[in-house]
Amino acid sequence: MLAILFGLFLLLCDPVCGVFQKLYCSISDSCDCDFKPNIRDLEWDLYKNVYGQHLAQDVVSEEVAKFLQNKSPDRPLVLSFHGSSGTGKTLVSSMLGNHLYGSAMSSPYVHQFVPTLHFPSPERLSEYREELKSWVQGNLTECARSIFIFDEMEKMPSGLIDVLEPFLGPSHAVFGTNYRKAIYIFISTTGEEVINKLAVENRQAGRDREEIRLADLQEAIAQAVYNNNTSGFFQSSIIQQKLITCFVPFLPLSRHHVERCVRSQLCQQGNCGRTDVVEAVGSNMIYTPVQGQYFSSTGCKAVPAKINFFL
């Protein structure tokens with residue numbers, strides 16, 4: 001009843017009532033103040049604007065929809081994105097924020113961490129562990145429906161991320177807050193070797209790209225990140241305890257996918273008809289392996305700079 005009264009009050013309140021809004025979020029189990037998920041728009045955005053990633057499109061849309069349909073999940077949703085640079089990992093994480101919150105990625109309940117910015121000194125590991133634990137706990141107490149995005153996990157100090165283990169399991173709750181309603185996204189290039197190797201073998205065997213299955217890569221990615229001593233998941237208890245809901249592979253992109261990226265960005269600039277630029281950028285990319293030239297070595301990451309060069 002108290003949460004309802006606060007909700008009615010906020011409808012009549014002007015912008016200076018931010019303090020009351022935070023209080024409402026702290027007692028509202030669903031954190032309705034900004035959590036406004038639109039799964040249909042998320043699915044549409046994934047399938048329209050993420051190129052060459054059938055696994056990521058399917059896994060993200062299905063896992064998020066299933067998670068949100070459960071009003072009392074037994075554990076948080078934990079997705080770990082893996083693949084080469086420029087394949088869409090950061091783009092997909094942004095889509096989640098954009099379609100789950102009313103104020104999109106600028107929502108105060110979307111939290112992003114970059115190791116080189118937030119955890120730059122490995123010798124301060126103990127200090128970082130305490131800060132991260134306190135930060136996550138404090139934000140979950142304020143709003144159970146929070147998203148935590150950890151970018152560049154390959155640069156994360158080893159041992160830091162394990163401080164999250166208690167938050168990722170099936171039973172952690174404190175101060176009446178259900179920690180199991182949060183979403184965690186980890187982003188990493190670690191594991192790209194096993195993903196790219198399978199993609200090349202699949203291409204050389206003449207099989208269709210969409211024949212690659214999630215089951216073909218799950219365990220291989222888990223082992224790759226666990227055993228890589230430069231990974232933030234190196235010998236991690238989070239991996240040992242199987243607290244990752246799903247390892248999401250992002251496949252290397254072919255020239256066809258790169259040219260779709262070029263065409264999309266040109267249209268955003270009002271240059272949809274510049275097929276000459278599409279062709280020029282596509283042919284100017286570096287493709288691997290040497291024998292075959294199947295996949296762009298930088299995905300779509302270099303596309304904006306090359307578009308500017310050829311316009």
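The values are calculated or read from the model by the stated rules, or taken from the named source; none is laboratory data. This structure is a prediction, so every number in the text was calculated from the model and none was measured. So basically every Cβ, Gly included, is an ideal-geometry build from the backbone, and we count neighbours across all protein chains shown.
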For this session: Determine whether Arg75 is in the same structural domain as Glu62 (by TED's automatic domain parsing), of a type in the set (D, E, K, R) and touching a Leu at 6+ places or on another chain (Cβ under 9 Å).
Result: yes
Problem set entry | Answer from Leu132, Leu164, Leu125 - the residue that is out of contact with any Pro (no Cβ under 7 Å at 6 or more places or on another chain), more than 25 Å from Glu192 (Cα to Cα) and in contact (Cβ under 8 Å) with a residue 12 or more places away in the chain | Leu132
For this session: Hey, can you tell me all the residues within the range 233-256 that are crowded, with 22+ Cβ neighbours inside 10 Å and either closer than 23 Å to Gly292 by Cβ or modelled with pLDDT under 95 (or both)?
Result: Pro249, Phe250, Leu251, Pro252, Leu253
For this session: Would you point out the residue of the range 91-122, among those that are part of a loop (DSSP other than H, G, I, E, B) and crowded, with 16+ Cβ neighbours inside 10 Å, that is farthest from the chain's Cα centre (by Cα)?
Result: Phe119
Exercise. Is there a residue being in the same structural domain as Pro108 (by TED's automatic domain parsing) and buried (at least 21 other Cβ atoms within 10 Å of the Cβ) anywhere in the range 209-221?
Worked result: yes
Problem set entry | Check on Leu125, in a helix (DSSP H, G or I), buried (at least 19 other Cβ atoms within 10 Å of the Cβ) and in the same structural domain as Leu79 (by TED's automatic domain parsing) | no
For this session: Take Gly138 and decide whether it is at pLDDT below 95 and either in a helix (DSSP H, G or I) or of a type in the set (A, V, I, L, M) (or both).
Result: yes
For this session: Could you please find all residues in the range 150-195 being farther than 16 Å from Val136 by Cα, modelled with pLDDT under 95 and part of a strand (DSSP E or B)?
Result: none
